[in-house]
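Some notes on the structure that comes next.
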Ligand SMILES: [Zn+2]
């Protein structure tokens with residue numbers, strides 16, 4: 001499942017092809033993905049200029065000239081592909097239509113944006129730009145981990161008195177938006193905090209120290225162009241998969257990477273998700 005850095009990488013890949021360009025034709029090849037598409041979606045997209053492409057949590061938001069915003073969620077397996085992008089370093093020629101190409105946007109600059117999603121857990125919706133933040137998917141989100149509203153005092157207050165494991169608390173999208181399983185595991189490793197520890201029992205100073213670590217972990221992954229674990233493809237049309245190197249995620253049974261630690265990375269299941277950690281140095 002794409003996490004925040006992957007979505008940001010997709011946004012950055014799409015932006016040169018979409019921002020400032022007009023959607024001349026929208027192909028909508030089915031009535032729904034995870035949820036039904038909004039009414040008359042193709043018609044409402046046609047003729048619209050994409051003013052700005054932004055991201056909120058794992059959602060890509062395209063603000064359109066007519067006052068609506070297109071929300072795009074990649075779900076588990078959704079991929080965005082750009083072809084014919086005249087601004088890109090490499091021009092990917094338009095591929096033949098493929099099975100699961102559910103939405104195709106033809107831009108007036110010659111670019112074509114294809115949304116392909118075999119498992120159809122992705123989503124698209126249209127909303128009024130002015131009230132986008134109150135959309136049901138966005139209204140429940142806490143602050144952006146890379147934004148100014150996410151700071152030490154926020155996290156300390158959010159975890160205070162919580163009886164749930166810190167792993168679950170950091171996955172709570174109302175506490176911090178867009179943080180997923182991989183980057184929570186990596187954050188807790190760097191912070192030296194066990195994923196099993198109850199959120200409310202961690203000293204405030206240790207909780208506060210997690211804020212810059214979260215930013216660092218996400219920042220590094222964005223820098224690396226996002227990581228890719230399943231069938232995610234880069235938004236620039238490149239089909240290559242690349243694996244980001246993680247300190248603990250996916251490293252069950254391997255030696256701990258912390259200098260001087262003789263521990264081994266373990267995997268446990270918490271709330272149905274795998275947690276990878278070193279019991280030796282994460283307390
Ligand atoms: Zn260790």
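The values are calculated or read from the model by the stated rules, or taken from the named source; none is laboratory data. Fair warning: this is a prediction, and the values are worked out from it, not measured in the lab. Here the Cβ positions follow ideal geometry from the backbone for every residue, glycine too, while neighbour counts run over all protein chains shown.
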* To do: Could you grab me the full set of residues in segment 224-235 that are within 14 Å of the chain's Cα centre (by Cα) and modelled with pLDDT of 75 or more?
  => none
* **residue 111 within 16 Å of the ligand (Cβ to nearest atom) and in contact with a helix residue (DSSP H, G or I) (Cβ under 7 Å, 6 or more places away or on another chain)** => no
* Structure fact -> Scanning segment 27-47 for residues that are within 17 Å of residue 67 (Cβ to Cβ) and either in contact with a helix residue (DSSP H, G or I) (Cβ under 6 Å, 6 or more places away or on another chain) or surrounded by fewer than 21 Cβ atoms within 10 Å (Cβ to Cβ) (or both) gives 38, 39, 40, 41, 43, 44, 46, 47
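Going by the structure shown, is residue 176 at pLDDT 95 or above, in contact with a strand residue (DSSP E or B) (Cβ under 9 Å, 6 or more places away or on another chain), under 25 Å from residue 56 (Cβ atoms) and surrounded by 16 or more Cβ atoms within 10 Å (Cβ to Cβ)?
no
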* Tally the residues that are surrounded by fewer than 21 Cβ atoms within 10 Å (Cβ to Cβ), in contact with a helix residue (DSSP H, G or I) (Cβ under 6 Å, 6 or more places away or on another chain) and either at pLDDT below 55 or not in a loop (DSSP other than H, G, I, E, B) (or both), restricting the search to segment 271-283. => 1
* Asked: Out of curiosity, is residue 161 assigned to a loop (DSSP other than H, G, I, E, B) and either in contact with a strand residue (DSSP E or B) (Cβ under 9 Å, 6 or more places away or on another chain) or loosely packed, with under 15 Cβ neighbours inside 10 Å (or both)?
  -> yes
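Quick one: count up the residues across segment 93-132 that are part of a loop (DSSP other than H, G, I, E, B), on the phi < 0 side of the Ramachandran plot and over 22 Å from the mean Cα position of the chain (by Cα). Walk me through it before giving the result.
Of segment 93-132, the ones part of a loop (DSSP other than H, G, I, E, B) are 93-100, 108-111, 117-122.
Still in the running and on the phi < 0 side of the Ramachandran plot: 93-99, 108-109, 111, 117-119, 121-122.
Adding the requirement that they be over 22 Å from the mean Cα position of the chain (by Cα) leaves 93-99, 108-109, 111.
Adding up the residues that qualify gives 10.
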* Asked: Looking at segment 54-67, which of its residues are in a strand (DSSP E or B) and closer than 14 Å to residue 22 by Cβ?
  -> 62, 63, 64
* **Answer residue from segment 240-270, given it is within 20 Å of the chain's Cα centre (by Cα) and exposed (fewer than 12 other Cβ atoms within 10 Å of the Cβ) and is farthest from the ligand (Cβ to nearest atom) among those** => 240
* To do: Identify, by number, the condition in (1) under 17 Å from residue 74 (Cβ atoms); (2) buried (at least 16 other Cβ atoms within 10 Å of the Cβ) that residue 23 doesn't meet.
  => (1)
